[in-house]
Structure formats: C-alpha cells, structure tokens
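Visitor: Below is a structure I'd like to ask you about.
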C-alpha cells in the first residue's frame, strides 16, 4: 500500500475488496500526560496500558501491521513536535529499525507538529483524528455514511492545507490518508474544497429532511424508539442481533458498525418497538465527526429509551462511560430528564470475584438507575432488560377506559394492535368496555376513532 502525504491519496479499493500486498508497517506512539492538572478530581482515570491497547486496536481496525507500541510520558507538550527532542530521536531509531512506513501518534497533532515529525522520522505520520477518519472512511457502506465521512475529512483536511499547496495534485477517487472509499476530486484550491463541503452539507440536509419524514410517518403508526449507544466495541451490535432478527456486523473490532440500522422488535408483554443500532463513541472523538453524523444520531436524540451499553469487563469501563455521557451532552441529550438504562454487557467474561465487585458497584446506584447485567453472547439478563424497557415505556403511557360500539369491530381491532389491553368486558348493550394503556401520541388517534363512531 502506498503511503504518501496526507493530501495525496492512494488508489481507492472497490466495495468489499480487501487490501492487497504487504500490510503497511506502523509504529504506534501513545503520548500520556504525567499529571492530570486541570481535570476534575472526580474524572475517571484512563490507564496508559488501556490507552496503548486502544491505539493498537485503532491501527488493527484498518489492517495495519503494528510493529511496536510505545508509551511516551509527557510533562508538557512541545509546540513544534509535541514530544521532547530526545524522544523524537529515539523514536526515529525505532522507525528505521522496524522499517515502518507509517507512525500513528495517538494524540491530536497540529499541522506544524505533523510536518516536523514527518521530517524527523522520514515516514508518514497520522494523528488520532486522521486515523479515526480513515477507519470511518473504510467502514461507510451507504451513500449517506460516505457523505458524512467525506464532510468530516474535508473539514479536517482543509486545516492541513496551510502552506502545503505545492503538495496537492488532482486525485483519483478517495479522500483517506491511506486510500479508501470516496468520490471526490480535491483540487489544490481551498475554495474548491469549501464548495465541495457546501454541496455535501446540502445533501446531508436532504438526508435530515428524509429522516424527519420517516419519523413523522412512524408517529402516525408510532412505535417507541429504543436506541443503543455506547463506547466502540462495547457489544452493541451483538446485543442488537440478540434482541432482533440481527444481520448487523458484530466483530471484536473498533468501529465495526458505522451505518445505523433499525429493526422492529416485540417486548415481553407484546409492545412493539423499533431498536436502533448506532456508531460507537470513543474518547477524543473528532468534533467534525460528531457534527457530520448528527443526522444519523438524531435517532438517539429523539429516542424514547436510550440503552447505554457498557463493556463491564473492560478495565477502563468507568472512563469509557464518562466519554459516552460527554458526547451525549454534546448532542444535546439532557441526561437528567431522559430515560436512560445502563446495560453492563459482557458479564460472561467476568470471573466470580470481578462479578461480585461489579454487583457491589451496581448496588450503590439508586433502584431506578440500577444497571442491568447482561451477556449478549449467552443471553443472560436479556429478558429482565426487555421487561425493564417495557416498564419504562408503559410508565409514560396513559391509562384509560373506553366503550366501543358493538358494530365498531375495526376500532376494537385497532386497540389490540396499538395499545396494551388490561381488561375487556362485554356489556349487556352489546358494547365493549376496554381498560387499556396507550402512548400519548396514539391516544389522540383513538379518541378521533371513537368520536367518529359515536
């Protein structure tokens, strides 16, 4: 695979085509601050080892061959190179020794820092934002997903064009650093990039309008929306497949799911609902990606119930949960007023001692906010989780008693299809008295049907 400057792209792979030839050899550099000054005392700590493992996972997500992963302790970031001169020289030796054509620095690099490190190491350098964008570019399978990734990448690339005009050339398909799916030709002109950004934003506005129409049509026969959110690789897609007919890619891989998927499901007492699987979140998720995927994440914003899926077996589960909550806040989700259920997944990976410790942590939550222990693989806890979801939905439903005319069998059928019938009594007059629970959005429809029949 040809690794060149960030603004020069290798040949695009066709859909479903696997990379050919020898994988790119990459050295992973993980800068870790020696102190946590400026952060809240209650902020969950993220271990250096967990940071390194996640960085290696990001590299593996696009089939890079990791030669070594190095943790670099930072006292203060250097404006020119982020890390100190001595460490830069030491890493240059590792790049040469491993014959690495790429260095992944698991941090946000300024254009100047990226350029200086490339000169010092004589290798292509990609920062955390760039690699995440590349992974998203590889994962996008729908036109919408491709547009969202391209918008985010162009916004990022635009900031990298300062004093780099001579390195630009007309490109053949693709917009990723390492090559990947794409459909634009980026010229050596910032104005051309901005025009393309504007066009994509218009197309995504149409996507937003289309999604809004779909939601409006669902409200006419409204099913509640249950949205899965969580840190990447927390097991959302495996859980999605366990609760529905499935068909979603579920792998032990960061960002295995990118394009959103919705499936209808039925809860234990018969309530129909729509379950939505979404892209996984990650620490330091590029802001342009959050903005670009806002149309997709609107399903989360408007969901009746949000299931926050956590990998309870992960050593950094608390820090991951904090990252997810921060991104939900960025999306405008008011977590104080929304119905959010924490789902502690992968309990099958816990040994008895760790499971007991997790149970004790869960018990410290208020009963209404107590997490649910589940395993999407073994099925443990799924029935209890679904019952809890249905209870949350029913709590928001109106309880009412109505009388249906003897000749109005259609309305009686509609009630059984769209509401939860608690009691039904045949009256001497031939009418039927029904006690039921119904969603507020459907109550208006029922009252209109009864008024028309009277």
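Visitor: Could you list 350, 393 in order of exposure, starting from the residue whose Cβ has the fewest other Cβ atoms within 10 Å?
Guide: Sorted ascending by nearby Cβ count, the order is 350, 393.
Visitor: How long is the gain from residue 209 to residue 32 if the chain were fully straight, where each residue apart is worth 0.36 nm and the alpha carbon distance is subtracted?
Guide: Additional length available on full extension: 59.5 nm.
Visitor: Based on the alpha-carbon gyration tensor of segment 291-409 and its eigenvalue square roots a ≥ b ≥ c, which shape applies: rounded if a/c is under 1.5, prolate if not and a/b is larger than b/c, or oblate?
Guide: Oblate shape, in that a/c is at least 1.5 and b/c is the bigger or equal ratio.
Visitor: Could you tell me the relative contact order of segment 223-395? Use alpha-carbon pairs under 8 Å, at least six residues apart, and round to a whole percent.
Guide: 25 percent.
Visitor: Here's another thing I want to ask about it. Specify the inter-centroid distance of segment 410-447 and segment 330-347, based on alpha-carbon positions, in whole Å.
Guide: Using only Cα atoms to place each centre, the spacing works out to 33 Å.
Visitor: At 7 Å along the Cα-to-beta-carbon direction for both residue 364 and residue 194, put a label point, then send me their distance in nm to one decimal.
Guide: Each label point lies 7 Å from its Cα, and together they span 5.2 nm.
Visitor: Using a/c under 1.5 as the rounded threshold, could you call segment 42-130 rounded, prolate or oblate? The axes a ≥ b ≥ c are square roots of the C-alpha gyration tensor eigenvalues, and prolate needs a/b larger than b/c, oblate otherwise.
Guide: Because a/c hits 1.5 or more and a/b fails to exceed b/c, segment 42-130 counts as oblate.
Visitor: Have a look at the DSSP beta bridges in segment 223-395 and tell me what percent are antiparallel, nearest 5.
Guide: Among the beta bridges of segment 223-395, antiparallel pairing accounts for roughly 25 percent.
Visitor: Ranked from highest to lowest mean number of other Cβ atoms within 10 Å per residue, what is the order of the peptides 269-277, 328-336, 126-134?
Guide: The packing order, highest mean first, is 126-134, 269-277, 328-336.
Visitor: Ranked highest first by average number of other Cβ atoms within 10 Å, how do 300-311, 224-235, 427-438 line up?
Guide: Taking the mean over residues of other Cβ atoms within 10 Å, the ranking is 224-235, 300-311, 427-438.
Visitor: Also, I was wondering about something else. Which value in nm describes the separation of the simple spin-label points at residue 413 and residue 287, placed 7 Å from the Cα toward the beta carbon?
Guide: Distance between label points: 5.6 nm.
Visitor: With label points built 7 Å along Cα→Cβ from the Cα atoms of residue 445 and residue 431, find their separation and express it in nm.
Guide: 2.4
Visitor: Report relative contact order for segment 329-454 in percent, whole number only (criteria: Cα-Cα under 8 Å, sequence separation at least 6).
Guide: This gives 20 percent for segment 329-454.
Quick note: the coordinates plus some simple rules give every number you see, no bench work behind them. None of the values given here were measured: they were computed from a predicted structure. In this analysis, Cβ positions are derived from the backbone assuming ideal geometry, glycine residues included, and neighbour counts consider all displayed protein chains.
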